[in-house]
Amino acid sequence: TEIQKVLERVKELRNEIGCTVLFINHESKMAYPNGDPQGEPNMGTMVGSIGIAAAAEFILTVRKVDDTTSLVWHVKSTQAEPTKAFYVSVQDTPTGIVIAGLENGK
């Protein structure tokens, strides 16, 4: 119930100011029972109170595939249906960061 009070205040501030609040969380050990991810992520695989996931309007879960590629799941959205999982690559370069969507992880 304590986190619910905080989240309700965050929602009030969001509406008063007209801003986005971004929280970064991680999955619990239950998502990786043998060291490897088991199945698709969902709100239940997030660490902490289910109240956090319930209050969120949008949830993305990212799992590493290799050194430069991750698979992103759109777990929750209150504004639209979640999209299919997609691959993304994030690489450091001498001039900055390059982010690219990838088809089938390539």
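Brief remarks on what is shown
- Filter result (open to solvent by 70 Å² or more (accessible area, probe 1.4 Å) and part of a loop (DSSP other than H, G, I, E, B)) within region 45-65: 57, 65
- Qualifying positions in region 33-44 - of a type in the set (Gly, Ala, Ser) and either touching an Asp or Glu at 6+ places or on another chain (Cβ under 8 Å) or assigned to a loop (DSSP other than H, G, I, E, B) (or both): 35, 39
- For region 12-32, the candidate set comprises residues that are among the aliphatic types (A, V, I, L, M), open to solvent by less than 100 Å² (accessible area, probe 1.4 Å) and not in a loop (DSSP other than H, G, I, E, B); within that set, the residue that is modelled with the highest pLDDT is 13.
- Of the criteria (1) modelled with pLDDT of 85 or more; (2) open to solvent by 40 Å² or more (accessible area, probe 1.4 Å), which one residue 77 fails: (2)
- Residue list for region 43-82, filter: farther than 22 Å from residue 21 by Cβ and touching a strand residue (DSSP E or B) at 6+ places or on another chain (Cβ under 8 Å): 63, 64, 65, 68, 69, 70, 71
- When every residue of region 88-104 is checked against the conditions, at least one turns out to be of a type outside the set (A, V, I, L, M), farther than 30 Å from residue 1 by Cβ, modelled with pLDDT of 85 or more and part of a loop (DSSP other than H, G, I, E, B).
The values are calculated or read from the model by the stated rules, or taken from the named source; none is laboratory data. Remember, predicted model here, so these are calculated numbers, not experimental data. Positions of Cβ are backbone-derived with ideal geometry, glycine not excepted, and every protein chain shown enters the neighbour counts. Heads up: the accessible areas ignore ligands, DNA and RNA and are worked out on the full protein's heavy atoms, side chains in. Shrake-Rupley method; radii C 1.70, N 1.55, O 1.52, S 1.80 Å.
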